[in-house]
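The values are calculated or read from the model by the stated rules, or taken from the named source; none is laboratory data. All of these numbers come straight from a predicted model, not from anything done at the bench. No Cβ is skipped: glycine too gets one built from the backbone with ideal geometry, and neighbour counts run over all protein chains shown.
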């Protein structure tokens, strides 16, 4: 997994999720970017383990894996963290 690709995808995914999220997080845009980068890492890790697919380049499959990881992490953070 290329670290730079994961950070770039995570930043893009975080910004997209911040724009389209109906319940914006209390962390603002920076929190969404951090969540996107962590989600891209999680998606890339799980995608590599389960499907043998990795975030190797800038393509649709890598973006989809990162987006699924970020969505899953967002779901978990909303389920676990307290609501303010």
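Remarks
- Verdict on residue 12 being under 15 Å from residue 77 (Cα atoms), surrounded by 14 or more Cβ atoms within 10 Å (Cβ to Cβ) and modelled with pLDDT of 80 or more: no
- Looking at 70, 42, just one residue is buried (at least 17 other Cβ atoms within 10 Å of the Cβ), modelled with pLDDT of 80 or more and assigned to a helix (DSSP H, G or I), and that residue is 42.
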